[in-house]
Amino acid sequence: MSITNEYLKGVYDGLVQRNPEQKEFLQAAEEVLESLEPVIAAHPEYEKAGLIERMVEPERVVMFRVPWVDDNGKVQVNRGYRVQFNSAIGPYKGGLRFHPSVNLSIIKFLGFEQCFKNSLTGLPMGGGKGGADFDPHGKSDGEVMRFCQSFMTELYRHIGPDTDVPAGDIGVGGREVGYLFGQYKRIRNEFTGVLTGKGIPFGGSLARTEATGYGLCYFADEMLKANGKSFQGAKVVISGSGNVAIYANQKATQLGGKVIAMSDSNGYIVDENGIDYKVMQEIKEVKRARIKTYLDYVPTAKYVEGSQGIWTVACDIALPCATQNELPLEGAKALVANGCYAVAEGANMPSTPEAIAYLQANNVLFAPAKASNAGGVATSGLEMSQNSLRLGWTFEEVDQRLHDIMVNIYKNAAAAAEEYGCKGNLVAGANIAGFLKIASAMMSQGIV
């Protein structure tokens with residue numbers, strides 16, 4: 001990748017100078033800035049207003065210690081974060097990630113991406129992200145509860161239903177959101193829609209669990225149809241086996257595809273007869289076991305150690321749903337060599353820049369994460385709406401609204417790409433479409 005516009009290059013060079021160690025954030029910023037070159041050329045007023053300089057700097061970064069006591073009575077200390085990136089179009093909105101790899105660079109990259117993703121949904125949500133370097137795996141419910149309560153005891157003063165509305169992400173599921181919400185309610189003495197991904201009995205939305213995986217397939221389906229293709233009869237490879245991957249499997253199968261491979265951090269399974277998402281649910285959500293356990297259910301399946309090899313499995317459609325930078329150039333080359341014609345990202349920034357460039361150069365249909373995995377936050381926005389209205393919609397109502405949002409995201413990204421001279425490039429189109437709404441709001445609100 002290379003930014004040629006002098007103004008944008010200057011902004012990016014300044015970012016590198018100030019944040020040399022933040023490689024994930026710099027990667028995300030470079031991709032967006034490169035996409036915006038035709039927009040900046042058409043709108044010189046953005047440079048005069050220092051719009052890009054303001055957009056790449058978070059409005060607020062909060063970093064704090066999280067002390068808690070484990071089951072052995074030993075005091076543990078983790079580091080917590082909340083990056084409130086941009087509130088031009090609504091309150092900050094974005095998940096909390098609990099994982100040992102969490103650092104400021106990852107949270108800033110996720111928060112920056114969230115701004116554009118939220119803008120694309122058409123809902124009034126700004127961008128933010130947070131988390132901690134805490135690993136909930138292997139911890140007891142009591143340990144997770146004490147950690148979440150300590151985390152929220154600091155975070156509560158920085159969030160609110162009209163200020164910042166966190167949600168779940170990697171390592172933060174229904175259990176963690178419940179503990180976080182309980183502590184917020186306890187401290188603030190109020191019941192508000194301050195978190196999304198809540199349990200159904202206390203303000204959660206039906207279809208939220210399925211939303212990211214479903215939304216991914218709705219977007220991919222629209223992209224495929226626009227290019228004379230479909231899921232019908234297609235072989236699908238999905239990396240990961242968490243929430244997004246499981247429900248992407250379910251929806252891809254419903255749309256006529258056959259999911260033949262899935263993975264976790266240890267390795268991957270191949271089942272040419274089609275992987276049953278209910279079995280994956282049992283393994284991952286009930287037993288919390290490794291994906292190799294699939295062989296206990298389906299002895300005819302094959303297990304391969306090491307998750308990277310999943311991209312060598314011949315398929316028509318690939319859905320990377322695990323983590324950032326999991327699909328490298330070598331994986332992209334393997335997909336192309338085996339005839340893959342579409343890649344849609346279910347995780348945040350799962351493909352490296354080199355992989356994306358190679359896929360696009362070889363005419364593979366490519367759906368970028370900030371568009372194709374926006375279903376989760378879109379449904380979180382719908383949960384916020386239900387909380388504000390003090391009512392709940394049926395699963396079918398939420399699912400239909402989600403489907404409509406994902407179709408509109410595709411149409412808007414495709415239209416923006418065409419308008420700015422890069423027809424078919426959904427990476428550029430999604431960045432541009434998401435940017436234009438935020439830019440308009442920021443210009444209207446003055447230098448803030």
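The values are calculated or read from the model by the stated rules, or taken from the named source; none is laboratory data. Just so we're clear, the structure is a prediction, and the values are computed from it rather than from any experiment. Here the Cβ is made from the backbone with ideal geometry for all residues, glycine too, and neighbour counts use every protein chain on show.
Structure notes:
- Scanning region 138-189 for residues that are under 20 Å from the mean Cα position of the chain (by Cα), crowded, with 22+ Cβ neighbours inside 10 Å and without any contact (Cβ under 8 Å) to a residue 60 or more places away in the chain returns a single hit, 177.
- Residue 220 over 27 Å from residue 87 (Cα atoms), buried (at least 24 other Cβ atoms within 10 Å of the Cβ), among the hydrophobic types (A, V, I, L, M, F, W, C) and in contact with a helix residue (DSSP H, G or I) (Cβ under 6 Å, 6 or more places away or on another chain): no
- Here the condition is being out of contact with any helix residue (DSSP H, G or I) (no Cβ under 6 Å at 6 or more places or on another chain) and under 30 Å from residue 30 (Cβ atoms); of 337, 318, 332, 344, it holds for 337 alone.
- Residue check, residue 321 crowded, with 18+ Cβ neighbours inside 10 Å, in contact with a Leu (Cβ under 9 Å, 6 or more places away or on another chain) and within 25 Å of residue 100 (Cα to Cα): yes
- The set of residues from region 301-331 being at pLDDT 95 or above, part of a loop (DSSP other than H, G, I, E, B) and either of a type in the set (Ser, Thr, Tyr) or over 17 Å from residue 170 (Cα atoms) (or both) comprises 301, 313, 314, 315, 316, 328.
- Checking each residue in region 62-102 for being surrounded by 17 or more Cβ atoms within 10 Å (Cβ to Cβ) and in a loop (DSSP other than H, G, I, E, B) picks out 87, 88, 89, 90, 91, 99, 102.
- Tally of residues being in a helix (DSSP H, G or I), more than 20 Å from residue 82 (Cα to Cα) and touching a residue at least 12 places away in the same chain (Cβ under 8 Å) across region 28-58: 18
- Inclusion of residue 117 among residues that are basic (Lys, Arg) and over 17 Å from the mean Cα position of the chain (by Cα) is not warranted.
- For the residues 412, 425, 387, the requirement of being in contact with a Pro (Cβ under 9 Å, 6 or more places away or on another chain), touching a residue at least 60 places away in the same chain (Cβ under 8 Å) and either more than 22 Å from residue 53 (Cα to Cα) or surrounded by fewer than 19 Cβ atoms within 10 Å (Cβ to Cβ) (or both) singles out 387.
- Residue among 438, 432 that alone is buried (at least 23 other Cβ atoms within 10 Å of the Cβ) and under 22 Å from the mean Cα position of the chain (by Cα): 432
- Qualifying positions in region 248-264 - closer than 22 Å to residue 290 by Cα and surrounded by 24 or more Cβ atoms within 10 Å (Cβ to Cβ): 248, 249, 259, 261, 262, 263
- Any chance residue 235 is among the charged types (D, E, K, R) and modelled with pLDDT of 95 or more: yes
- Checking residue 49 against (1) of a type in the set (A, V, I, L, M, F, W, C); (2) assigned by TED's automatic domain parsing to the domain that holds residue 151; (3) more than 24 Å from the chain's Cα centre (by Cα), the condition it does not meet: (2)
- In the condition set (1) surrounded by fewer than 19 Cβ atoms within 10 Å (Cβ to Cβ); (2) in contact (Cβ under 8 Å) with a residue 24 or more places away in the chain, residue 308 is compliant with all but (2).
- Index of the failed condition, residue 78 passing every other in (1) at pLDDT 95 or above; (2) within 22 Å of residue 425 (Cα to Cα): (2)
- Subset of region 150-200 (residues that are assigned to a helix (DSSP H, G or I) and either closer than 18 Å to residue 111 by Cα or of a type in the set (Phe, Trp, Tyr) (or both)): 151, 155, 156, 158, 179, 181, 184
- Residues within region 336-371 that are in a helix (DSSP H, G or I), hydrophobic (A, V, I, L, M, F, W, C) and closer than 17 Å to residue 224 by Cα, tallied: 4
- Residue in region 238-251 that is more than 18 Å from the chain's Cα centre (by Cα), more than 18 Å from residue 380 (Cβ to Cβ) and in a helix (DSSP H, G or I) present: yes
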